[in-house]
Amino acid sequence: MRISTIASGSSGNCIYVGSNNTHLLVDTGISKKKTEEGLNEKNLNMKDINGILITHEHLDHVNGLGVISRKYEIPIYCTKGTKRAILANEKLGKIPEDIFVDIKADNPFNIGDIDVSPFAIPHDAAEPVAFRLSSNNKSVAVATDMGKFDEYIISNLRELDAVVIEANYDVRMLLAGMYPYYLKQRILGDNGHLSNESSGQLINQILHNNLKHIVLAHLSKENNYEDLAFETVRSEITMADSEYKGDDFNIVVAKRNVCSAMFEV
């Protein structure tokens, strides 16, 4: 299994996940051109993509979906609620309905040799999900855009080989920042986003000896920065009551407009 962030942040998200035989995108929140350029850096192109998994309908996750779908007609896998919200969004233009594949949380399915397990996440969207993907006894997950976590989410993230996980904001920066009160409350709420501290606490629940890569993703442009997210999560791991320390794992921060390395497991 391989995983790489093409773009990650409040302004656009797109993640590549693949095996030797199957190539997928999780979200297409950047332009077709930038998505193609990111794939080209991995010696891939859009014609290699076997499916697009959509977590939810917010524009930073689907902004390029209309153009990409009209040109390539790649199957789009999303929940019925997400599909309805996408089709109702005039900004995306007309998307062929016959390329949508309906999925449900907790109902696994296959694309090629990759097993895909969607699971529900708490976010202010129509019917959002995160994804666990497995092939050849290796598993990775993409888990962003959730205001809180519980045992159900933890159980879906256990025994991974690599994880892309949200570290959206620093609480102090958010509270002191320029966002209006209602937006601060939305972000802080149970259907908002995970703070750096919460991200570290969630990561603590899923650490194990074979977790090779932890990618901190979906950082807010206004309320976070890379070094702060990294140090906060690393400190949460080190200070936790466990056998692990922050330096025991490969923790990297996904950049907003630059592809990450290809993480192989």
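The values are calculated or read from the model by the stated rules, or taken from the named source; none is laboratory data. Just so it is clear, the structure is predicted and the values come from calculations on it, not from any experiment. Don't worry about glycine lacking a Cβ; one is built from the backbone with ideal geometry, like all the others, and counts go over all protein chains shown. Accessible surface areas use protein heavy atoms only, side chains included; no ligands, DNA or RNA. Shrake-Rupley method; radii C 1.70, N 1.55, O 1.52, S 1.80 Å.
Numerical summary
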| item | result |
| --- | --- |
| Share antiparallel - DSSP beta bridges, region 44-154, percent rounded to 5 | 70 percent |
| Cβ charges +1 (Lys, Arg) and -1 (Asp, Glu), total dipole of the chain, debye | 820 debye |
| Which of Met1, Met239 is most accessible, then next, and so on - probe 1.4 Å | Met239, Met1 |
| Solvent-accessible ranking of Tyr152, Tyr181, Tyr225, largest area first, probe 1.4 Å | Tyr181, Tyr225, Tyr152 |
| Solvent accessible area, Å² - Lys245, 1.4 Å probe, full protein context | 90 Å² |
| For the chain, share of DSSP beta bridges that run antiparallel, in % to the nearest 5 | 50 percent |
| Glu97 accessible area, 1.4 Å probe, all protein chains in place, Å² to nearest 10 | 120 Å² |
| 3J(HN,Hα) from dihedral phi, region 130-141, Karplus parametrisation 6.51/-1.76/1.60, rounded to Hz, x for glycine, proline | 10, 10, 10, 10, 9, 7, 6, 6, 10, 9, 10, 9 |
| Rg [Å, one decimal], Dmax [Å, integer] - region 3-61, C-alpha atoms | 10.5, 31 |
| Label corresponding to Cα extents along the principal axes in Å when calculated from the structure given, among (i) 49, 37, 32; (ii) 60, 37, 32; (iii) 49, 45, 33 | (iii) |
| Karplus (6.51, -1.76, 1.60) ³J(HN,Hα), θ = phi - 60°, over region 160-174, in Hz, Gly and Pro reported as x | 7, 9, 7, 9, 9, 9, 6, 9, 7, 8, 9, 4, 5, 5, 4 |
| Accessible surface, 1.4 Å probe, highest first, among residues Tyr16, Tyr244 | Tyr244, Tyr16 |
| Integer Hz, Karplus 6.51/-1.76/1.60 couplings in order for region 60-69, x for Gly and Pro | 5, 10, 9, 4, x, 5, x, 5, 4, 5 |
| Solvent-accessible surface (1.4 angstrom probe) belonging to Ser8, in square angstrom, nearest 10 | 0 Å² |
| Region 136-185, dipole about Cα centre (Lys/Arg Cβ +1, Asp/Glu Cβ -1), debye to the nearest 20 | 160 debye |
| Amide H contacts under 5 Å for Tyr77, placed H, 5+ residues apart | Ile52, Leu53, Ile54, Val101 |
